[in-house]
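Asker: A single structure is presented below for examination.
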Amino acid sequence: MAKNDPYAALRIREFNTFLLLRFLLIFGWSMQFIVIEWEVYTLTKDPLYLGLIGLMEIIPAFTMALFAGHIVDQREKRNLLALCIAAFSLISLGLFLLTWEQAVGHWETTTILYCIYALVFFGGFLRSFFGPTIFSLIALIVPKKVYPNAATWSSSTWKAASVLGALFAGFSIDWIGVDYTLCIVFVMVTLSLIITFQIKKKPILNPNIGESVKESLKVGLRFVYSDKSILGALSLDMVAVLFGGTVALLSVFSQDILHVGSKGFGVLNASISIGSILTMFITTYLPVTKNAGKKLLISIFAFGLCIIAFGMSKIFWVSIVALFLSGVADGVSMVIRQTILQLKTPDHMRGRVASVNSMFVGSSNELGAFESGLAAKIMGPAVAVIFGGTMTLITVTTIGIKNKTLRNLDLTKDIEAHEKEEEIA
């Protein structure tokens, strides 16, 4: 295998353009999520309403996921991404106008809540298309031998945008208010739309254009469930996100347990992503492809321990450290998961595989938010977080014991095979 080049993907101009548009898009998306969570809890003071945000997003995201994967595999990826971003910009504009109307006292609280949930519902529909489109587009921009490095930089960019978006949103709410913070989100998303057109149109690699939806989905599901390494990775991520997600309750912790206000809320959100970013940058120099399965299991187990520590903490700096370390563990697992999917998925099935991934993982974010809100209502926020971390530990231990294929997974051979293919070509 060739010597590792930590900047291999960055030497491709179009990939740098892709990273810039992704940064702007996720920066805005992260800000918007933080603002919505903050605004809903401020209006209601009830964690169950935070859970409803996740429920409103998971319904369309889950039900549309497989169909979205089929569409992505049948369509040109650059223009499809531009269409998704344009629609997302309308949601951002709607949220800005909605909160601006509230700020000037024109609308009642109940009306504001209903409208927020409606826009979140539409956003869930769009998210079912975003994941498969971005996943497929990356593979068309970089050669196969660069997939692991591209996955690392893409994930790092996603996390960097998340941390900066979350941090900036917390301070921005304090400085200029909810409404103008959402105006900034609209600007960021619009800029990402403009940059999208700097990427050239890509060929459609699916040999079965016009294939029926039923047959297309059947083939995609059969592939995912027949590959134990992909299925195991998706299952682990789903459970970690479903039970180990604390983000939906951070507004509760920041206001009612740690008493640190909107700025502390932004710091708590940012600390998770900072840990992930540092880890991801390190993995560009120290690839995690060797013994990838064992490293994935260990990282998610460590993630569960950190979540339990956060739930038990009542000290702000201890909570920050716990979330930071959970981000470190999550960063390792994210790079490994993305590398597994990129290396193991055929080009003509990327949209459908990514759609199954969004059902397992993306929808789990929203379902996890609902689970966290409901559990916090029943058990209290601290106990709910500890329960989620414990369930994560139990699940990763069970999968590690039963899924031998995943446990023994080593991706170095896959990388070497792709390098030989491209040398022959």
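The values are calculated or read from the model by the stated rules, or taken from the named source; none is laboratory data. As the structure is a prediction and not an experimental result, all values here were calculated from the model. Note: ideal-geometry Cβ built from the backbone for every residue, glycine included; neighbour counts use all protein chains shown.
Asker: Quick test for you: out of Val321, Val361, Val332, pick the one residue that is in contact with a Leu (Cβ under 9 Å, 6 or more places away or on another chain) and at pLDDT 85 or above.
Answerer: Working: Val321 fails: in contact with a Leu (Cβ under 9 Å, 6 or more places away or on another chain); Val361 fails: at pLDDT 85 or above.
Every option except Val332 fails the conditions.
Asker: If you don't mind, there's one more thing I want to ask. Please enumerate the residues belonging to segment 130-149 that are among the small types (Gly, Ala, Ser) and surrounded by 24 or more Cβ atoms within 10 Å (Cβ to Cβ). So that I can check it myself, show each step before the final result.
Answerer: So the first thing to find is which residues in segment 130-149 are among the small types (Gly, Ala, Ser), and the list is 131, 136, 139.
Result: Ser136, single match.
Asker: Please go through segment 205-218 and give me each residue that is more than 25 Å from the chain's Cα centre (by Cα) and among the hydrophobic types (A, V, I, L, M, F, W, C), ordered by number.
Answerer: Correct list: Leu205, Ile209, Val213.
Asker: Here's something else I'd like to know. If I ask for residues that are touching a residue at least 40 places away in the same chain (Cβ under 8 Å) and either surrounded by 22 or more Cβ atoms within 10 Å (Cβ to Cβ) or not β-branched (Val, Ile, Thr) (or both), which ones from segment 99-115 would you list?
Answerer: Keep residues of segment 99-115 that are touching a residue at least 40 places away in the same chain (Cβ under 8 Å), which gives 99-100, 102-103, 109, 112-113.
Hits for segment 99-115 are Thr99, Trp100, Gln102, Ala103, Leu113.
Asker: Here is a follow-up. Based on this model, can you work out whether Phe316 counts as closer than 24 Å to Ile36 by Cα, in contact with a Leu (Cβ under 6 Å, 6 or more places away or on another chain) and modelled with pLDDT of 80 or more?
Answerer: Working: closer than 24 Å to Ile36 by Cα: yes; in contact with a Leu (Cβ under 6 Å, 6 or more places away or on another chain): yes; modelled with pLDDT of 80 or more: yes.
Yes, satisfied.
Asker: Return the only residue of Asn79, Asn16 being within 25 Å of Ile282 (Cβ to Cβ) and modelled with pLDDT of 90 or more. Outline the logic, then answer.
Answerer: Numbers: Asn79 fails: within 25 Å of Ile282 (Cβ to Cβ).
Matching residue, one of Asn79, Asn16: Asn16.
Asker: Kindly provide the set of residues from segment 53-83 that are farther than 21 Å from Tyr117 by Cβ, of a type in the set (A, V, I, L, M, F, W, C) and either in contact (Cβ under 8 Å) with a residue 24 or more places away in the chain or not in a helix (DSSP H, G or I) (or both), ordered by number.
Answerer: In the first step, residues of segment 53-83 are kept if they are farther than 21 Å from Tyr117 by Cβ; the result is 66-83.
Still in the running and of a type in the set (A, V, I, L, M, F, W, C): 66-68, 71-72, 80-83.
Leu66, Phe67, Ala68, Ile71, Val72, Leu80, Leu81, Ala82 - these are the residues of segment 53-83 that are farther than 21 Å from Tyr117 by Cβ, of a type in the set (A, V, I, L, M, F, W, C) and either in contact (Cβ under 8 Å) with a residue 24 or more places away in the chain or not in a helix (DSSP H, G or I) (or both).
Asker: Would it be correct to say that Ser333 is in contact with a helix residue (DSSP H, G or I) (Cβ under 9 Å, 6 or more places away or on another chain) and in contact (Cβ under 8 Å) with a residue 24 or more places away in the chain? Step through it out loud before you land on a result.
Answerer: Numbers: in contact with a helix residue (DSSP H, G or I) (Cβ under 9 Å, 6 or more places away or on another chain): yes; in contact (Cβ under 8 Å) with a residue 24 or more places away in the chain: yes.
Spelling it out, Ser333 is indeed in contact with a helix residue (DSSP H, G or I) (Cβ under 9 Å, 6 or more places away or on another chain) and in contact (Cβ under 8 Å) with a residue 24 or more places away in the chain.
Asker: Name every residue in segment 168-213 that is part of a helix (DSSP H, G or I) and over 30 Å from Glu39 (Cβ atoms), in order of residue number. Can you show your working first?
Answerer: Filtering segment 168-213 for residues part of a helix (DSSP H, G or I) gives 168-196, 213.
Matches in segment 168-213: Val213 only.
Asker: Filter segment 1-52 for residues that are within 22 Å of Leu193 (Cα to Cα), touching a residue at least 12 places away in the same chain (Cβ under 8 Å) and either among the charged types (D, E, K, R) or assigned to a loop (DSSP other than H, G, I, E, B) (or both) and give the result.
Answerer: Scanning segment 1-52 gives Ile12, Glu14, Arg22.
Asker: Identify, by number, the condition in (1) crowded, with 22+ Cβ neighbours inside 10 Å; (2) on the phi > 0 side of the Ramachandran plot that Ser299 doesn't meet.
Answerer: Failing condition for Ser299: (2).
Asker: Okay, moving on. Under 8 Å between Cβ atoms, at least 6 apart or on separate chains: pull out the pairs that start in segment 214-230 with a residue that is part of a helix (DSSP H, G or I) and end on any residue that is surrounded by fewer than 17 Cβ atoms within 10 Å (Cβ to Cβ) and of a type in the set (Phe, Trp, Tyr).
Answerer: That search, which allows pairs on different chains as well, returns Leu217/Phe67.
Asker: Can you spot a residue in segment 143-153 that is more than 15 Å from the chain's Cα centre (by Cα) and not in a helix (DSSP H, G or I)? First the steps, then the outcome.
Answerer: We begin by selecting, within segment 143-153, every residue more than 15 Å from the chain's Cα centre (by Cα); these are 143-150.
From what is left, the residues that are not in a helix (DSSP H, G or I) are 143.
Taking every residue of segment 143-153 in turn, at least one turns out to be more than 15 Å from the chain's Cα centre (by Cα) and not in a helix (DSSP H, G or I).
Asker: Could I ask something else about it? Just give me the residues in segment 268-316 being more than 25 Å from Ala150 (Cα to Cα), β-branched (Val, Ile, Thr) and in a loop (DSSP other than H, G, I, E, B), in sequence order.
Answerer: Ile315
Asker: Restricting the search to segment 310-328, which residues are within 12 Å of Ala270 (Cβ to Cβ) and small (Gly, Ala, Ser)? Working first, answer last.
Answerer: Within segment 310-328, the first condition is being within 12 Å of Ala270 (Cβ to Cβ), and the residues that meet it are 320, 323-324, 327.
Selection gives Gly327 alone.
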